[in-house]
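Asks: First the structure, then my questions, so here it is.
The values are calculated or read from the model by the stated rules, or taken from the named source; none is laboratory data. In this text the structure is predicted, and so the values were computed from the model without any measurement. Every residue, glycine as well, gets a Cβ built from its backbone with ideal geometry; the counts of neighbours run over all protein chains shown.
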Amino acid sequence: MKKFGLKTSFIFICVMLCSGATFAQSGHSSRSTANLDGTILSVTASRVNGKTGPIRAENLYLYENSVEQKIKNFSYDPSPSRIVLLVDNSRTVPASVAQLQKAAMEFVYEIFDGDQLYVIAYDEKPEIIQEWTDDAKSMEKSLATFRKKGNPYLFDAINAASKEVLVPLMPGTRKTAIVVIGDGLDRGSKTPFDSMLSDLQNSNITVYSLQLKDRTGGAYRRYSPKAAKVIKYLTEKTGGKAFPLEKAQEAAKFICDELRKNRYLLSYFPTNTSSYDERSIFIDADDGIKIRFKAAQPPNIK
C-alpha cells in the first residue's frame, strides 16, 4: 500500500497546473460555477412508475435562496465517472476483511466503459490501495492488502480523497463520487466535520455509502455527529444515497447506473440573488420525476 505523500502531492501539483491552464481557457473553476453558460449544477434525475420520455427543463422548478430562477438548459451528461472507494480499515470496524473486499469488488463488475475506480483504505492514515483502474484482476490483487488496524480517521481520509485525488481532475471531470464503506465513525481526525462537508459541497463530489452498523451503538460524539448521522449528512447533503453493506451488489449497480444514466447538467443565470454568499438550492419536479441535488452550493463569483 502507498501512503499519501510525495508521489500524490507531485501528481496533485502537476494536475493543478494543467487545471490552471484549463481555467484560463474555459473560465471554469471547481469553486466558481458562474461562466458564459451561466451557473451549472450536476443533478440526478429519473422517471418513476415505469414512465418514459426525456426529462426537460420545463419539468423542473429551481430556487436559489428561496428565489425562483429560470432554467436555461437541462441536458443529459454522458461523461464517464471517477469513483473513489473509501474503505474503513480500522481495527474495530464491524465487518470482516473478506466482507470489505467483496463489497469493493462489486463496483468493478458494474462500472461502464470509461469509468474508473480508485481505492483508499483508512485507519489513522489514508493509504492508496489501488490507483485509477477498471481492471478486475488488478483490483482483486490490490484488495488482498486490506487489514484491520488502528482507529478510523474518516474525516481526514475524506479530505485527502477529495483534495488530492478528485479535485485535481476538475473542472474537466464533473462526475466524481466517493463511496464510504464504513459506519461513519471518526476517532481522532484533525479535519473538522463541518469544514470537510463544506469542502465537498463546494466541489462537484457526490458521496454514497455502503453503511455498516454503528459500532458505538449510537454513542454521543463530542465534536461531530453520531456515526450514523455522519453517513446521513454526507450522502443527503451532497446528493448521494446510503445502502446497507449487506446489499453491496445491489448498491454498486445502483450507483454506477445512476452516475452513467441519470446524471444531468442544469444551467441558469442567477437573478435577484447575492453573488458572494453560499447558495441554498432547491429543485422541484413534475409528478413522476425523482430528483436529487446538493442542498448547498458555492457562491456565484465570476
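Asks: Looking at (1) at pLDDT below 95; (2) surrounded by fewer than 22 Cβ atoms within 10 Å (Cβ to Cβ), can you tell me which one L200 breaks?
Replies: The one condition L200 does not meet is (2).
Asks: Applying the selection to the range 262-279, what residues are in contact with a strand residue (DSSP E or B) (Cβ under 9 Å, 6 or more places away or on another chain) and either aromatic (F, W, Y) or surrounded by 13 or more Cβ atoms within 10 Å (Cβ to Cβ) (or both)?
Replies: Matches in the range 262-279: N262, R263, Y264, L265, L266, S267, Y268, F269, P270, T273, E278, R279.
Asks: If you don't mind, another one. Which residue, of T238, T271, is within 19 Å of the chain's Cα centre (by Cα), within 25 Å of I71 (Cα to Cα) and among the β-branched types (V, I, T)?
Replies: Testing whether each residue is within 19 Å of the chain's Cα centre (by Cα), within 25 Å of I71 (Cα to Cα) and among the β-branched types (V, I, T) leaves just T238.
Asks: Quick one: would you say V119 is in a strand (DSSP E or B) and either farther than 19 Å from P192 by Cα or at pLDDT below 95 (or both)?
Replies: yes
Asks: I'm trying to understand the selection: among the residues of the range 250-300, which are within 30 Å of F112 (Cβ to Cβ) and in a loop (DSSP other than H, G, I, E, B)?
Replies: N262, D286, D287, G288, F293, K294, A295, P298 - these are the residues of the range 250-300 that are within 30 Å of F112 (Cβ to Cβ) and in a loop (DSSP other than H, G, I, E, B).
Asks: Return the only residue of P171, P152 being in contact with a His (Cβ under 7 Å, 6 or more places away or on another chain) and either surrounded by 19 or more Cβ atoms within 10 Å (Cβ to Cβ) or over 14 Å from L86 (Cα atoms) (or both).
Replies: P171
Asks: Could you grab me the full set of residues in the range 234-253 that are touching a residue at least 24 places away in the same chain (Cβ under 8 Å), surrounded by fewer than 17 Cβ atoms within 10 Å (Cβ to Cβ) and not basic (K, R)?
Replies: E236, P244, Q249
Asks: Same structure again: Looking at the range 16-71 only, could you name the residues that are in contact with a helix residue (DSSP H, G or I) (Cβ under 7 Å, 6 or more places away or on another chain) and at pLDDT below 80?
Replies: Matches in the range 16-71: M16, S19, S29, S30, R31.
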